[in-house]
Amino acid sequence: MKKFDYYQPESLKEAYGLMEKLNGEARFIAGGTDVIVRIKQGALHPDALISLRRISALKGLGNEDGLSMGSMTLFRDIERDPAIARDYPALGEAASVLANPQVRNVATIGGNLCNAAPSADAAPPLMVLEATLTIEGPGGQREVSIEDFFRGPGETCLEHTEVVTRITIPKKRKGTGMAFLKIGRVAQDIAIANAAALIVVENGVCRKCRLSAGAVAPVPLRLKRIEGIVEGRKIEPDLLDRVAEMVQEDVSPITDVRSTAQYRKTVSGILVKRAIKEALDRAG
Amino acid sequence: MKKLIRFTLNGHEVSAEVESHRMLLEVLRNTFHLTGTKEGCGQGECGACTVLVDGLSVDSCLYPAFEVEGKSVTTIEGLVEEGSRLHPIQEAFVEHGGIQCGFCTPGMIMSTKALLDENPHPTDDEIKRGISGNLCRCTGYVQIVESIRKAAEKY
Ligand SMILES: Cc1cc2nc3c(=O)[nH]c(=O)nc-3n(C[C@H](O)[C@H](O)[C@H](O)COP(=O)(O)OP(=O)(O)OC[C@H]3O[C@@H](n4cnc5c(N)ncnc54)[C@H](O)[C@@H]3O)c2cc1C
Ligand code: FES
Ligand code: FES
């Protein structure tokens, strides 16, 4: 394996300082479950890694007014958080099927998003929950909607010196139901396809619909065209069949070691349809 | 880049001068000669390298050695009890055929320890989830699940 230096700053300021000094040849490391694997595979060759593990500003999980998570929050902790299980089950479910216990014990939600795999399991739930990412760098702070965060496989809107510091989710509205579903070759593998749905129902009519599908396009997708069709209607079998067909039109998957493009297309439509049904059962 | 790191290893305070690109697995095997922890894939897929850091199971092949500073690490060698007696989990694996070639076993047992420490009476499903990060090419898992079930009875 290529040699690299390893820095462990205690503050964000120190981290930015190091990143600027190392002039583009360094990378941040959170849990390392993506970055170390890619270095070992020879896909990345950084001269240095800058660890985010000692920076306390990136930690902590709170749910006073909505949910606020430091980017270094572990999937282990998301999986076990009772408030997330109760109010944001789509996120809890995604955390509990991501990889395996050893990975979840070190992998972070920030790392999952910043790695920007189209299959990132945290992305669909955070898309339907309309999460906001707080991004900070030497130039200051900005907020970005998760919808605008991903730019392509492995690419985000982050500058090289910038860090995602927090992820916030607005408070859950009454009558909301949500679900996350994933298909892998075996349980707890990287997704062949994944999907999340969030539904708000009033008097049997869908007032709000948020849909997302992953591993079926260069970035995790928000399915806005389809959301518009569902909103204002009663969710019935005919509508769900139409949704599944529309999903197939809106995705553009690839064939790789895990699956063919055609299978991904079909299964993605079915996952979205089932996620809506499950969300509907939980609404109210 | 090199640094002196200090941590607790199987209950003893230890220190070692370590290069910055080393993973915990290399330090355990090459510096401390604790070769019970195995390297299978080196990429987080197989769990042969599983150890506990502050009580939580991690893949030591992906764990940067510098991060272990100040922490407590338990390896398979640390499970042996007073008078060199095997740990109840190890005994259950021996008695119930949870071991064939033995390569996956140290990692499998460390994952079992992490599971039972948190949930002493797991269901079969919880056992399977608990060892989902550990591959075994020999046993077909049935005897491993059986061994863990038996170990839980004595936990
Ligand atoms: C065996 C195995 C199974 C896996 N299974 C799954 C799975 O089922 N689903 C899934 O989605 N993923 C899976 N993964 C991928 C990986 O575990 C996750 O993406 C994980 O969440 C990455 O988080 P991390 O903290 O380890 O990130 P790291 O590897 O530390 O970082 C990933 C990238 O993000 C950057 N980064 C990290 N944090 C920040 C931050 N706060 N600000 C700016 N940049 C940052 C790093 O520079 C790096 O480029 C698997 C990995 C392995 C090894
Ligand atoms: S050697 Fe670490 S997971 Fe395979
Ligand atoms: S006993 Fe041989 S790999 Fe598990």
| request: Could you list B:86, A:133, A:198 in order of exposure, starting from the residue whose Cβ has the fewest other Cβ atoms within 10 Å? | output: B:86, A:133, A:198
| request: Extending each Cα 7 Å along its Cβ direction at residue B:15 and residue A:207, get the distance between those two points in nm, one decimal. | output: 6.3
| query | If you count, for each residue, the other Cβ atoms within 10 Å and average over each peptide, how do A:251-261, B:15-25 line up from highest to lowest? | reply | B:15-25, A:251-261
| Where does each of A:73, B:123 land when they are ranked from fewest to most other beta-carbon atoms within 10 angstrom? | B:123, A:73
| field | In range of the label at residue B:128: residues from segment B:32-47 whose backbone nitrogen is under 20 Å from the point 7 Å along Cα→Cβ | value | B:46-47
| In percent, how large is the relative contact order of segment A:51-166, given Cα pairs closer than 8 Å and 6 or more residues apart? | 23
| request: Would you kindly compute the Cα radius of gyration of segment B:82-154 and its largest Cα-Cα separation (Dmax), both in Å? | output: 11.1, 35
| message | Based on alpha-carbon centroids, what's the gap between segment A:26-85 and segment A:131-168 in Å, whole number please? | response | 14
| field | Size descriptor, Kirkwood hydrodynamic radius, that averages inverse alpha-carbon separations across the protein assembly as shown, Å | value | 22.9
| request: Normalise the Debye intensity by I(0) for segment A:56-169, one equal point scatterer per Cα, no solvent, then take log10 at q = 0.17, 0.19 Å⁻¹ and round to two decimals. | output: -0.77, -0.97
| query | Considering only DSSP states other than H, G, I, E and B, which trypsin sites (Lys or Arg not before Pro) in segment A:1-65 qualify as loop sites with at most 14 other Cβ atoms within 10 Å? | reply | A:2, A:3
| task | Give the calculated FRET efficiency between residue A:281 and residue A:261 to the nearest 0.05, with a Förster radius of 30 Å applied to their Cβ-Cβ distance. | result | 0.45
| remark: Summed over the other residues with a beta carbon less than 15 angstrom from that of residue A:252, with K and R at +1 and D and E at -1, the charge totals +1
| query | For a label point 7 angstrom out from the Cα of residue A:1 toward its Cβ, which stretches of segment B:10-42 have the backbone nitrogen within less than 15 Å? | reply | B:18-31, B:38-42
| remark: Contact order relative to length for chain A, counting C-alpha pairs under 8 Å separated by 6 or more residues, stands in percent at 16
| remark: Env charge @ residue A:107, Cβ radius under 13 Å, K,R +1 / D,E -1, value -2
| query | Label-point separation (nm) for residue B:69 and residue B:141, each offset 7 Å from Cα along Cα-to-Cβ? | reply | 3.9
| note | Note, residue B:86: beta-carbon cut-off 15 Å, +1 each Lys/Arg, -1 each Asp/Glu, net -1
| message | Let me check against my output: what whole-number percent is the relative contact order of segment A:176-283, with C-alpha pairs under 8 Å and at least 6 apart? | response | 33
| field | Entries in A:174/A:234; A:59/A:265; A:2/B:3; B:38/B:150; A:40/A:273 that, when Cα-Cα distance is taken, lie over 28 Å | value | A:59/A:265; A:40/A:273
| Mind listing which chymotrypsin sites (Phe, Trp or Tyr not before Pro) in segment B:59-110 are in a DSSP loop and have 16 or fewer other Cβ atoms within 10 Å? | none
| note | Note: probe point = Cα of residue A:160 + 7 Å toward Cβ; backbone nitrogen < 16 Å; residues of segment A:19-56 passing the test are A:19-29, A:44-50
| message | In 5 Å bins starting at zero, report the fraction of Cα pairs in segment A:163-284 per bin as a rounded %. | response | 2, 12, 21, 22, 17, 13, 9, 3, 0, 0
| request: Summarise the partner chain shielding of B:19-29 as one whole number: the mean count of Cβ atoms from other chains within 10 Å of each residue's Cβ. | output: 3
| Using the count of nearby Cβ atoms within 10 Å as a rough guide to exposure, how do A:209, B:41 rank from fewest to most? | B:41, A:209
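Every number in this text was worked out from the coordinates using simple rules, so none of it is lab data. None of the values given here were measured: they were computed from a predicted structure. Every residue, glycine as well, gets a Cβ built from its backbone with ideal geometry; the counts of neighbours run over all protein chains shown.
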